[in-house]
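The values are calculated or read from the model by the stated rules, or taken from the named source; none is laboratory data. It should be emphasised that the depicted structure is a prediction, and the values quoted were computed from it without experimental measurement. When we count neighbours, we look across all protein chains shown, and the Cβ atoms used for this are built from the backbone with ideal geometry, even at glycine.
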Amino acid sequence: MKTSLQLPTCTGKYCCLIPLSADEMVDDLFAAAQSDDRFWQYMPYGPFKNSGEMQAWLLSMQNSSSDFIFGVKHNTSNHFVGMCGYLAHVPDHRRIEIGHVWYGREAQKTKINTEATYLLLKYAFETLNYRRAEWKCHSANTESERTALRMGFVFEGLFRNHMWVKHQSRDTKYFAMIDSEWPKHRSDFEKYFNSEGMSLTVLKNSSKGG
């Protein structure tokens, strides 16, 4: 059984977040996963040998009581191009973690990637009225770290020997965004989505200067 967190469908300009349905999404997600296997290096799961193996894992996530996953659907192609979601959901303290984030090559370094995280943050801060959204990554995962900082998360520290993943010790970097920071970040996100050729990093730096 799921906890009280109810997942809506979140629709944006570039993508749509749809609560995970293993049977409906497996073909698209397996194709996306096959397009670039680099991200599995730092994930606690994957890569998947075939669609059946991936479907079994997706079903376990769909039925999880602690992980709340969305398929990310490209609004133009109508294909699922990746996934993202929530974990470490602590309603008593009004905090939540964004994780399980990965995209096939089609969506990497596009506004789909950015908008999916924006939609997760918007729902966490504005609908759930949470105080804190977290982002965690393997200490060696420099791309995930850059993404967190680009989105506006603040680095809070390194947890040494934090996890044992795929027969290796993992140090974990912690990042977070809090509710008082969200209005500025929301404004930056929305300017970015409505601009052509402007980077989110440049927008955030210019808003700091203003």
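Checked against the criterion of being within 13 Å of the chain's Cα centre (by Cα) and modelled with pLDDT under 95, region 113-127 has at least one qualifying residue. Filtered by the rule that a residue be in contact with a strand residue (DSSP E or B) (Cβ under 6 Å, 6 or more places away or on another chain) and among the basic types (Lys, Arg), region 92-124 gives a lone residue, ARG95. Does ASP179 count as under 19 Å from the mean Cα position of the chain (by Cα), surrounded by 15 or more Cβ atoms within 10 Å (Cβ to Cβ) and over 18 Å from ILE98 (Cα atoms)? No. Counting only helices (runs of 4 or more DSSP H) that sit wholly inside region 114-210, those with at least 1 residues that are β-branched (Val, Ile, Thr) are 142-151, 200-209.
As for region 40-62, it holds no residue that is within 18 Å of TYR123 (Cα to Cα) and either free of Cβ contacts under 8 Å to residues at least 60 places away in the same chain or among the hydroxyl-bearing types (Ser, Thr, Tyr) (or both).
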